[in-house]
Ligand code: NCD
Ligand code: ZN
């Protein structure tokens, strides 16, 4: 990469992948997938549709809908996941994994987040599924928050580690686990100390905002996502984890679009739509931390290594000096307020190199 000088004018890295996206379905699927496909070669696609993608057959159908909705000529590869429920069938998941339809399976604790009502009510109930996944090397992707309403929302990730994650890994020591979109110092330390079978994704917004962003001069629904942004000490710990050169942390945007009226409401939806400029935001973080030498690992190498996939052959370029982010982005007839709306970014995505 061209990062020899303290303040390089451009960055060239292997084309990155996004290891956590919500592409939704229906009329806005094509536009949403197009934003992700502009920057990323592959993406792990979350299964929390309504109804959720719970079987290999549903995942194959959804993958077909994504491919059909992509811009003509796109080589973007959606990597599919199954949504685990109390009744998931290990044989179906194993067959889907063997066929190449299912790359991973997702554990949503029931009622933890958007469209998670069908999630797992007690992780112990899916031990047979986890045993099968460990045996075949299929990664488990975890939304790591307890759903106990007696636990303060800002503590739900840290409590999840004690109550669910650590016991689950003790029962399944060989299982590959991605602790998704980590938001706390506790999670970063847990992953760093765990075995090589445990990794984490980190979003651009959790690297850039803390919980104050939700209350800056008034209530800011577009800064609200789950897991919710935490105190500054946690943001700093996430930045250290992402930029420190460890192979256990990799890029996963958790881009989660909701129409503007669903966000700006008395009970607004959780989710931040960062797909249009995700890579530029990550570049800002690595640049600010003086860690551009580790940017390619986080964005393009660590994820494939963990998932056992080849790195992408192509390269992408970013140049210093960014553009102003649009106030609204149109997708399938809906309007979405993107992450960093109206702000000028420090970097500009200059596309793929030939
Ligand atoms: C996601 C969504 O909208 O699907 N929302 C979010 O705030 N991240 C669900 C999720 O990943 O928790
Ligand atoms: Zn998500």
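Does residue 290 fit the bill of being in contact with a helix residue (DSSP H, G or I) (Cβ under 6 Å, 6 or more places away or on another chain), assigned to a loop (DSSP other than H, G, I, E, B) and surrounded by fewer than 19 Cβ atoms within 10 Å (Cβ to Cβ)?
Details: in contact with a helix residue (DSSP H, G or I) (Cβ under 6 Å, 6 or more places away or on another chain): no; assigned to a loop (DSSP other than H, G, I, E, B): yes; surrounded by fewer than 19 Cβ atoms within 10 Å (Cβ to Cβ): yes.
No, not satisfied.
Is it the case that some residue within segment 293-305 is more than 16 Å from ligand 2 (Cβ to nearest atom) and more than 20 Å from the chain's Cα centre (by Cα)?
Yes, the conditions are met somewhere in segment 293-305.
Considering only residues that are on the phi > 0 side of the Ramachandran plot and crowded, with 16+ Cβ neighbours inside 10 Å, which ones fall in segment 229-261? Listed by number, the list holds a single entry, 254. Residue check: is residue 164 surrounded by 14 or more Cβ atoms within 10 Å (Cβ to Cβ), in a helix (DSSP H, G or I) and more than 17 Å from the chain's Cα centre (by Cα)? Yes: the conditions hold for residue 164. Cβ separations smaller than 9 Å between residues 6+ apart or across chains give the following pairs from segment 209-233 residues that are touching a residue at least 12 places away in the same chain (Cβ under 8 Å) and over 20 Å from residue 285 (Cβ atoms) to residues that are part of a loop (DSSP other than H, G, I, E, B) and away from ligand 2 (no atom under 16 Å from the Cβ): 221/264; 221/265; 221/268; 221/337; 224/268. When residue 139 is tested against (1) touching a strand residue (DSSP E or B) at 6+ places or on another chain (Cβ under 6 Å); (2) closer than 14 Å to residue 46 by Cα; (3) within 16 Å of ligand 1 (Cβ to nearest atom), only condition (3) is not met. Quick one: what pairs do we get from segment 22-48, first residue farther than 15 Å from residue 329 by Cα and within 14 Å of ligand 1 (Cβ to nearest atom), second at pLDDT below 95 and in a loop (DSSP other than H, G, I, E, B), C-beta under 7 Å, 6+ apart or different chains? Listed pairs, sorted by first residue: 48/114; 48/115; 48/116.
Looking at residue 303, is it at positive phi and at pLDDT 95 or above? Even if it seems obvious, please write down each step before you answer.
Working: at positive phi: no; at pLDDT 95 or above: yes.
In short, no.
Just to be sure I understand, how many residues within segment 50-63 are within 14 Å of ligand 1 (Cβ to nearest atom) and touching a helix residue (DSSP H, G or I) at 6+ places or on another chain (Cβ under 7 Å)? Counting residues in segment 50-63 that are within 14 Å of ligand 1 (Cβ to nearest atom) and touching a helix residue (DSSP H, G or I) at 6+ places or on another chain (Cβ under 7 Å) gives 1. Taking the conditions exactly as written (over 30 Å from residue 353 (Cα atoms) and buried (at least 21 other Cβ atoms within 10 Å of the Cβ)), does residue 90 satisfy them or not? Against the criterion (over 30 Å from residue 353 (Cα atoms) and buried (at least 21 other Cβ atoms within 10 Å of the Cβ)), residue 90 does not qualify.
Selection within segment 110-128: residues that are modelled with pLDDT under 85 and closer than 13 Å to residue 160 by Cβ. The member of this set that is nearest to ligand 1 (Cβ to nearest atom) is 113. Only one of the numbered conditions (1) over 20 Å from the mean Cα position of the chain (by Cα); (2) within 29 Å of residue 100 (Cα to Cα) is not met by residue 311, and that is (1). Within segment 262-269, does at least one residue satisfy the condition of being within 16 Å of ligand 2 (Cβ to nearest atom), under 13 Å from the mean Cα position of the chain (by Cα) and buried (at least 19 other Cβ atoms within 10 Å of the Cβ)? No, segment 262-269 has no match at all. Residues in segment 59-90 that are over 21 Å from the mean Cα position of the chain (by Cα), more than 19 Å from residue 257 (Cβ to Cβ) and touching a residue at least 12 places away in the same chain (Cβ under 8 Å): 86, 88, 89, 90.
Conditions (1) crowded, with 18+ Cβ neighbours inside 10 Å; (2) closer than 23 Å to residue 113 by Cα, marked per residue:
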| residue | (1), (2) |
| --- | --- |
| 175 | yes, no |
| 179 | yes, yes |
| 182 | yes, yes |
| 191 | yes, yes |
| 200 | yes, yes |
| 207 | yes, yes |
| 213 | no, yes |
| 217 | no, no |
| 223 | yes, yes |
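If only residues of segment 167-191 that are touching a strand residue (DSSP E or B) at 6+ places or on another chain (Cβ under 9 Å) and assigned to a loop (DSSP other than H, G, I, E, B) are counted, the one that is nearest to residue 276 (Cα to Cα) is 181.
The values are calculated or read from the model by the stated rules, or taken from the named source; none is laboratory data. These numbers come from a predicted model, not from an experiment. Quick reminder, even Gly has a Cβ in these numbers, built from the backbone with ideal geometry, and neighbours come from all protein chains shown.
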